[in-house]
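Below is one structure, written out as structure tokens; comments come after it.
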Amino acid sequence: MYLVTVLGNLLIIMAIISQSHLHTPMYFFLSNLSFVDICFTSTTVPKMLMNIQTQSKAITYEDCITQMCFFLVFAELDNLLLAVMAYDR
């Protein structure tokens, strides 16, 4: 599912970049939303996959704080972009 999420969002970004008639504000925000979605899922899923592979659930305090910080930043960016897209419409 992680690969489907990353590849699907990359496909959206590449389609918007390659088609000149999609260079409008809504599609600009949509490509940014796809990029933020890739970053959002990339904050937790790789660590989870490593934990499953190694059968270890240990995480240092610094890693936990860093991961939580990025998770919250990308979640807020996701919400902000959705709000801007709604306002644009």
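Tally up the carbon and sulfur contribution to the accessible surface of region 1-88 as a whole percent, 1.4 Å probe, everything protein left in place.
73
Per-residue ellipticity at 222 nm for the chain, helices alone: DSSP H runs ≥ 4 residues times -39500 (n - 2.57), over residue total, nearest 500 deg cm²/dmol? Please list the in-between numbers first.
Values: 4 runs with 73 residues, N = 89.
Dividing the helical sum by the residues of the chain leaves -28000 deg cm²/dmol.
What ranking do 1-11, 26-36 get when scored by the average of other Cβ atoms within 10 Å per residue, highest first? Write out the running numbers ahead of the final one.
Values: 1-11: 12.4, 26-36: 17.8.
Output ranking for 1-11, 26-36: 26-36, 1-11.
Whole-Hz ³J(HN,Hα) for each residue in region 34-51, computed from phi via Karplus 6.51 cos²θ - 1.76 cosθ + 1.60 with θ = phi - 60°, x for glycine and proline: what do you get?
5, 5, 5, 5, 4, 5, 4, 6, 7, 7, 10, 5, x, 5, 5, 5, 5, 4
On C-alpha positions alone, give me the angle between the axis of helix 61-88 and the longest principal axis of the chain, in degrees, nearest 10.
Once rounded, the angle reads 20 degrees.
The values are calculated or read from the model by the stated rules, or taken from the named source; none is laboratory data. Computed from a prediction, not measured in an experiment: that's the story for all the values here. No Cβ is skipped: glycine too gets one built from the backbone with ideal geometry, and neighbour counts run over all protein chains shown. What goes into the accessible areas is simple: the full protein's heavy atoms, side chains included, and nothing from ligands, DNA or RNA. Shrake-Rupley method; radii C 1.70, N 1.55, O 1.52, S 1.80 Å.
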